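See below for the structure under consideration.
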Amino acid sequence: MRHTSVTFGAWRPRAAIAVALTATLAGTTAARAAGLPSYMDPISGPTASTPAQTATDNVLALDNAMFDLYDNAGRIFRKNILAQHPVILALFSGAGGRFILYRPGMPPLEAPQVSIVYQLLKSIGHSTMALAEIVTPYLENPNDQDWQAPLLAYRSRMQSALDGLDKVAMPKDWLATNQAILKNNIAFMDSCASKGVVTVTDLQAFAKQQAPLLKEDIAWAAETQVNHWMGVVADWKKMLGSAWDKTYAASNTIYVARQNNILFSVLAQFFGPNAINSRLVLIETISFTTTPQDMLEALTRIIADRSVGALFFGNYYLMDYELMGGNARVAIETEDKRLGMTPFLPPAVPFGSHQWPTLITPGPGPTSLANLPQ
């Protein structure tokens, strides 16, 4: 049988076998000629690279090597910063946040957690909205019953939570609302299970029933969280005294939590407008949580890069911005003109702007749950 193509693991034509054997023997001969021992034969062979490729690789290697050198310098920068400046990290967590104060020459001071009631309110609120996630893929589809098992399993947990809710640490005037939320959840699950189908009408009615109760829980959770951290930061500011004026602070956020970020907003009340984007920084990440070590590395890099910008270009805050951004704006405008397009770019802002690192342009439309229609 003749083979017209070569695939891995398949028979190869005699010509291909001959070429492969010739290459192998040539590599072995070259290795032997170079004085390599026979046990190197399986892995040795000639390499090939053009002068241009070698030169390109050598230049690109500079950027790769830079990161290792930068990491080494960063450790020294971080040590120097912490030796001279207090640093506050405000980290997102499922428990309502984590605040850590680093003081020169002292061990890190971690603040107490937000009251457990915050987590209770959030858990009940999440459980309600999770029901929509469970059933939405199966709306108006009685032929698919995959949702039944996870729904009924979740119902069991829901019932256990309701049965013991009167024993948890929660103000009595909040208890009735949360009992109602859990009862409504259970009633909705029972209705869906008994009908064997989840209808759009039932889901919409459930959401409309729960929304006012959820708004109450959200407001109480926000109050609990804000009151706690405002007290913590007020105490730390008093404790640091004059050192507050050289204190750095950073909070982390993913995109969905960037607008009206709670922890950053709390810090801003104490740092004031002129500290925003200079000593008070909002660091965007790709996950809800990050480690204190990662946050310190990010803050260190921001501060260190500022000195580099001042050294080379005479502006301390230049490196807080996309370095090529200004030139890119000009290039985009030029390309827009060439393509017959109207430039669509944000206003140019000065380096070192103290603008909030979130959307601040006012306009029509709701801005909070309280503004939404009932």
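Remarks
- FRET efficiency, Leu345 to Ile134 (Cβ-Cβ, R0 45 Å, nearest 0.05): 0.55
- Ordering Lys208, Lys172, Lys237 from the fewest to the most neighbouring beta carbons within 10 Å gives Lys172, Lys208, Lys237.
- Pairs of Cα atoms nearer than 8 Å and 6+ residues apart set the relative contact order; for the chain it is 16 percent.
- Multiplying the residue separation of Asp68 and Ala52 by 0.36 nm and subtracting their alpha-carbon distance yields 3.2 nm.
- Ranking of Trp229, Trp356 by count of other Cβ atoms within 10 Å, fewest first: Trp356, Trp229
- Positive contributions from Lys and Arg (+1) and negative ones from Asp and Glu (-1), summed over other residues with Cβ under 12 Å from the Cβ of Thr177, come out at 0.
- Amide H partners (placed H, <5 Å) of Ser93, local residues excluded: Arg98
- Antiparallel content of DSSP bridges confined to the chain, in %, to 5: 40 percent
- Of Trp174, Trp236, the sequence from fewest to most neighbouring Cβ atoms within 10 angstrom is Trp174, Trp236.
- Overall Cα dimensions of the stretch 116-222, principal axis frame, Å, largest first: 44, 24, 17
- Computed from phi, the 3J(HN,Hα) profile of the stretch 288-300 under the Karplus parametrisation 6.51, -1.76, 1.60 (θ = phi - 60°) reads 4, 10, 8, 8, x, 4, 5, 5, 5, 5, 5, 5, 4 Hz, with x in place of Gly and Pro.
- Per-residue ellipticity at 222 nm from helix content only, as computed over the chain with -39500 (n - 2.57) for each DSSP H run of at least four residues, stands at -19000 deg cm²/dmol.
- Note on the chain: with a GNM built from Cα contacts shorter than 10 Å, the maximum mean-square fluctuation among Ala73, Ala48, Ala207 falls on Ala48.
- Binned Cα-Cα distances of the stretch 157-272, short to long, each 10 Å bin given as a whole percent: 10, 28, 25, 21, 11, 4, 1
- Residue of Thr253, Thr201, Thr50 that the Gaussian network model of the chain assigns the largest fluctuation, springs spanning Cα pairs under 10 Å: Thr50
- For the stretch 46-59, the Karplus equation 6.51 cos²θ - 1.76 cosθ + 1.60, evaluated at θ = phi - 60°, returns couplings of x, 10, 9, 7, 7, x, 5, 5, 4, 5, 4, 4, 5, 6 Hz by residue, with Gly and Pro reported as x.
- Karplus (6.51, -1.76, 1.60) ³J(HN,Hα), θ = phi - 60°, over the stretch 258-267, in Hz, Gly and Pro reported as x: 6, 6, 6, 4, 5, 5, 5, 5, 4, 4
- If you bin all the Cα-Cα distances of the chain at 10 Å, starting from zero, the percentages per bin are 4, 15, 18, 17, 14, 15, 11, 6, 1.
- Between amide H atoms placed 1.01 Å from N, distances below 5 Å from Val198 occur with Glu140, Asn141, all of them 5 or more places distant or on a separate chain.
- Summed residue charge, Cβ within 14 Å of Val349's Cβ, Lys/Arg positive, Asp/Glu negative: -1
- Over 31 Å (Cα to Cα) - which of Lys122/Lys237; Lys79/Lys237; Lys167/Lys237 fall in this group: Lys167/Lys237
Taken together, the values in this text are just the output of simple stated rules run on the coordinates, not laboratory data. Here the structure is a predicted model, which is why all the values come from computation and not from measurement. Cβ sites come from the backbone with ideal geometry, for glycine too, and all protein chains shown count toward neighbours.
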